[in-house]
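Visitor: Sharing a structure, written as structure tokens. Questions coming.
The values are calculated or read from the model by the stated rules, or taken from the named source; none is laboratory data. On a predicted model such as this, the values are computed, not experimentally measured, just so you know. What goes into the accessible areas is simple: the full protein's heavy atoms, side chains included, and nothing from ligands, DNA or RNA. Shrake-Rupley method; radii C 1.70, N 1.55, O 1.52, S 1.80 Å.
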Amino acid sequence: MGKVQYYESKVTDDVKFGELVKVVKPVNLYGCRIGDNTFIGPFVEIQKDVTIGAFCKIQSHTFICELVEIGDHSFIGHGVMFINDLFENGGPAMGDKSKWKSTRIGNHVSIGSNATILPVAVCDHVVIGAGAVVTKDINEPGIYVGNPARLLKKYVK
């Protein structure tokens, strides 16, 4: 029988936590910043060079890759996947970070479960529906659904 290697949660020393952050293990957090009063659920991975704002909620099974910034008062549902490699040369960048792209999520953004977020910018006051695939920047507040994600309803104050 083959040899098996088991891994547990990992939170590296270079993670910067704000005040009153709640983290439910198991998680993998390294080289990221987590804002005040933010909740990180179990089975979440947040890679280095990621910034999570204050008063956010990151639900279980979410993957936030390098080069993602999430604003304040944002909600990330279960199983949301962020992507930084668009396979522009027909395959993965194989660790060549010069081929990676960044993502910026604004303030008061809610992203539904199992959404996929490619490298984009999303303005403030946006709701992205469950299962949506965001392939382009979102510059107008509102509700976005589908694959690719499209405006369903404009935000009304």
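Visitor: Translational diffusion coefficient, Stokes-Einstein: compute it for the stretch 64-157 using the Kirkwood radius over C-alpha pairs as Rh, at 37 °C and 0.692 mPa s, and state it as an integer in µm² s⁻¹.
Guide: Diffusion coefficient, whole number: 246 µm²/s.
Visitor: Shifting gears a bit: Using alpha-carbon positions, what is the distance between the centroids of the stretch 59-110 and the stretch 8-36, in Å?
Guide: With the stretch 59-110 and the stretch 8-36 each reduced to a Cα centre, they are spaced 17 Å.
Visitor: Consider the candidate values [x] -0.87, -1.27; [y] -0.95, -1.25; [z] -0.89, -1.41; state which one is log10 I(q)/I(0) by the Debye sum over Cα atoms at q = 0.16, 0.20 Å⁻¹ computed from the structure displayed.
Guide: [x]
Visitor: Considering only protein heavy atoms and a probe of 1.4 Å, how much of the accessible area of the stretch 10-80 is carbon and sulfur, as a whole percent?
Guide: C and S fraction of accessible area: 52 percent.
Visitor: Cross-link partners among aspartates and glutamates for Lys48, C-alpha distance below 13 Å, same-chain residues fewer than 8 apart left out?
Guide: Correct list for Lys48: Asp13, Asp14, Glu66, Glu69.
Visitor: How many Å² of accessible area per residue for the chain, probe 1.4 Å?
Guide: Accessible area per residue, the chain: 58 Å².
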